[in-house]
Amino acid sequence: MTNDAHGDRGIDEAYVIVAPGVEAGGERVDRERDGQRRPIVFVPDESVAPRVAGELVAEGIELVELYGGFGPTTAAAVTAAVGGKVPVGLVTFGMESLVAAAASHEARRAGRTTHWGLVDDGTAGGGLVREHGPHRWTAVEVSDPADAPGAARELVRAGVDLIEMPGGFETTTVAEVIAAVERKVPVGVVSFGVEALAGAAAYSARVEAWYAGRG
């Protein structure tokens, strides 16, 4: 199947992740699977994200997800930086995770050792481990949402103190992950504001159609 706008290269998105300890210029990891690009950019703090997001969109990225401690204020700045051209989402936490998530964020900002984990939805192309100063970030990939709870349990066994999940997971799967880790660590998932809902839904539908056409 050929997408008129993108040829056969797929539909692209990016992760921007706050990683205290990374060099001022940030660290970029380019990943691709089945023609779909998913660059991951680690930035030293939230203030760098608008510029980074603008550059990513300029090169054709069609959706941006923010991880590692972003709030609505910075997400709004990122949305403004990309001119509202693509949907921007950020990780949010439910009430059951708020206190533990806040403690983990504070520890990270204070320079205490933290180990964060990502349960990825299978389109980023394999696992990934990065260390920045005392902090470690580990991604594990699942090709089926049913495997997400088990992957999360493995992350907890590996010592992670916070888990984040992309916006492609359904709420029921996120709830299953929370149950699987027995609330030992906070679990957050990317969500989108009202201004980004239509764009995120359209993006998701196009990705599903693109993969179905390749099957």
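What residue, among those in the range 175-196 that are in contact (Cβ under 8 Å) with a residue 40 or more places away in the chain and aliphatic (A, V, I, L, M), is farthest from residue 208 (Cα to Cα)?
Here is the first cut: in the range 175-196, the residues in contact (Cβ under 8 Å) with a residue 40 or more places away in the chain are 177-178, 183, 185-193, 195-196.
Checking the rest, the ones that are also aliphatic (A, V, I, L, M) come to 177-178, 185, 187, 189-190, 196.
Values: 177: 23, 178: 26, 185: 31, 187: 25, 189: 20, 190: 18, 196: 18 Å.
Taking the candidates together, the pick is 185.
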Strands (runs of 3 or more DSSP E) contained in the range 1-110 and holding at least 1 residues buried (at least 21 other Cβ atoms within 10 Å of the Cβ): 14-18, 40-43, 64-67, 88-93
Options 80, 58, 14, 49: the member that is within 19 Å of residue 163 (Cα to Cα) and small (Gly, Ala, Ser): 14
Of the residues in the range 115-136, how many are closer than 17 Å to residue 181 by Cβ, of a type outside the set (Val, Ile, Thr) and modelled with pLDDT of 95 or more? 4
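Each row is one residue, and each column tells you yes or no for (1) part of a strand (DSSP E or B); (2) farther than 19 Å from residue 13 by Cα; (3) touching a strand residue (DSSP E or B) at 6+ places or on another chain (Cβ under 7 Å); (4) polar (S, T, N, Q).
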residue	(1), (2), (3), (4)
140	yes, no, yes, no
156	no, yes, no, no
164	yes, no, yes, no
169	no, no, yes, no
173	no, yes, no, yes
189	yes, no, yes, no
211	no, no, no, no
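The values are calculated or read from the model by the stated rules, or taken from the named source; none is laboratory data. Computed from a prediction, not measured in an experiment: that's the story for all the values here. Virtual Cβ from ideal backbone geometry, glycine too; neighbours counted across all protein chains shown.
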